[in-house]
1. Got a number for residues in the stretch 144-166 being within 16 Å of the ligand (Cβ to nearest atom) and more than 16 Å from residue 99 (Cα to Cα)?
2. If you check residue 259 against the conditions, is it of a type in the set (S, T, N, Q), touching a Cys at 6+ places or on another chain (Cβ under 6 Å) and open to solvent by 20 Å² or more (accessible area, probe 1.4 Å)?
3. Go through (1) charged (D, E, K, R); (2) assigned to a loop (DSSP other than H, G, I, E, B); (3) crowded, with 18+ Cβ neighbours inside 10 Å and name the single condition residue 60 misses.
4. May I ask you to list pairs of residues, at least six apart or on different chains, whose Cβ atoms are under 7 Å apart, with the first in the stretch 272-285 being under 15 Å from residue 303 (Cα atoms) and open to solvent by 10 Å² or more (accessible area, probe 1.4 Å) and the second being within 12 Å of the ligand (Cβ to nearest atom) and hydrophobic (A, V, I, L, M, F, W, C)?
5. Give me the residue from the stretch 153-167 that is touching a residue at least 60 places away in the same chain (Cβ under 8 Å) and open to solvent by 10 Å² or more (accessible area, probe 1.4 Å) and, out of that set, nearest to residue 296 (Cα to Cα).
6. Would you be able to tell me the number of residues in the stretch 108-137 that are open to solvent by less than 50 Å² (accessible area, probe 1.4 Å) and away from the ligand (no atom under 14 Å from the Cβ)?
7. Tell me which of these residue 65 doesn't satisfy, since it passes every other one: (1) open to solvent by 20 Å² or more (accessible area, probe 1.4 Å); (2) under 19 Å from residue 8 (Cβ atoms); (3) away from the ligand (no atom under 16 Å from the Cβ).
8. Please enumerate the residues belonging to the stretch 286-296 that are within 10 Å of the ligand (Cβ to nearest atom) and either open to solvent by 90 Å² or more (accessible area, probe 1.4 Å) or under 26 Å from the mean Cα position of the chain (by Cα) (or both).
Amino acid sequence: MKILVTGGLGFIGSHTVVELQNEGFEVVIIDDCSNASEKVLEGINAITGKMPLYEKIDLKDKEKVSNFFRRHNDVEGVIHFAASKAVGESVEKPLLYYENNIATLVYILKELSKKKKSSFIFSSSCTVYGQADEMPITEDAPVKPAESPYGNTKQMGEEIIRDTCLVTPNLNAIALRYFNPMGAHPSAEIGELPIGVPQNLVPFITQTGIGMRKELSVFGDDYPTEDGTCIRDYIYVVDLAKAHVQALKRVLEGNNPKNYEVFNLGTGKGSSVLEVIQSFERVSGEKLNYKIVNRRSGDIVSAYADTTKANEVLGWKAQFTLDEAMKSAWDWERKIRG
Ligand code: WQD
């Protein structure tokens, strides 16, 4: 069975391609390589022994999207990762984000709506909750006004899919709200490849550990948490990838009561910034250079998932600990920079 993975050369996309191939799916990747390298294909092949089909297509070109679906009319499911995802950049360039994250989604959904039956998995984010009122966060927690155009594109994306599914019974969709993905494949053949200065905590930590960065700036230790630093739910990227396979199987089987569902994907455990630093120091055996600086605007205090729904309905639960995920991130960093 052929599955299209858009953004399949990216961090979560490439790890999901590996898990799909492990489950016997045939994968075709579309990626425009604006934020990924075609070398990732070699990494995937090195892990599974199967080179996925790949086409470099700009999904903003609706003719090209339409042409792709005509040529690959045997695609039975789509996992849609392709999107711009830098929160700060989205504030500076909102129209780039609305075009790249929304127009492309509409073009794909239009193609899927033409098919007798189709399955769609959408890469969403816990960012839709903003600062949730209660922890852990369930899927029923209210979606709050987005703090950035990036977050807004995730909220709008979910609404577009929901509205489309309402009038397209042959379309079965699931939105997956990721908490904080981290780590790399245990083979160290694929992993996170941030371009430029990493925005996210874990790659900044490992780049500091390897000596690429002088020190980590901890954005505030005056939050109302136990150690004063923000709390997040750091989920191992391989756990996250496996959840996509479970979600895809659910929509392919079509036994979901409604044809649009949402799931939180996290470990269910919150970790503070200082606890993540301590995890790095445990697994690397090295002290990390860091300093406490002012808060980063837009940061929320705490976010960690209630994973009951994914556990019970998808039959999925995160298996790896923060230290195991951190070890994989550190091994990857040493491999690509060592
Ligand atoms: C985590 C914590 C920072 C860097 C973002 C996106 C979200 C999702 C995941 C795509 C925060 C602190 C960070 C640093 C620090 N992306 N930090 N120093 O902001 O929770 O979520 O990535 O879907 O949409 O918003 O992740 O890794 O940037 O920050 O102290 O150099 O680490 O303040 O508390 P975040 P993050």
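The values are calculated or read from the model by the stated rules, or taken from the named source; none is laboratory data. Given the structure is predicted, the values throughout are model-derived calculations rather than measurements. Glycine also receives a Cβ, built like all others from the backbone with ideal geometry; neighbour counts cover every protein chain displayed. Each accessible area value is taken on the protein alone, full model and side chains, heavy atoms only, with ligands, DNA and RNA left out. Shrake-Rupley method; radii C 1.70, N 1.55, O 1.52, S 1.80 Å.
1. Pass one, the stretch 144-166, residues within 16 Å of the ligand (Cβ to nearest atom): 144-158.
Those left that are additionally more than 16 Å from residue 99 (Cα to Cα): 144-147.
Adding up the residues that qualify gives 4.
2. Details: of a type in the set (S, T, N, Q): yes; touching a Cys at 6+ places or on another chain (Cβ under 6 Å): yes; open to solvent by 20 Å² or more (accessible area, probe 1.4 Å): yes.
When the stated conditions are applied, residue 259 passes them.
3. Against the list (1) charged (D, E, K, R); (2) assigned to a loop (DSSP other than H, G, I, E, B); (3) crowded, with 18+ Cβ neighbours inside 10 Å, residue 60 comes up short only on (3).
4. Pairs that qualify, where the first residue is under 15 Å from residue 303 (Cα atoms) and open to solvent by 10 Å² or more (accessible area, probe 1.4 Å) and the partner is within 12 Å of the ligand (Cβ to nearest atom) and hydrophobic (A, V, I, L, M, F, W, C), are 273/201; 273/218; 273/230.
5. Among those that are touching a residue at least 60 places away in the same chain (Cβ under 8 Å) and open to solvent by 10 Å² or more (accessible area, probe 1.4 Å), it is 158.
6. Summing the residues that are open to solvent by less than 50 Å² (accessible area, probe 1.4 Å) and away from the ligand (no atom under 14 Å from the Cβ) in the stretch 108-137 gives 10.
7. For residue 65, the exception is condition (1).
8. Residues of the stretch 286-296 that are within 10 Å of the ligand (Cβ to nearest atom), as a first pass: 290, 292-293, 295-296.
Scanning the stretch 286-296 gives 290, 295, 296.
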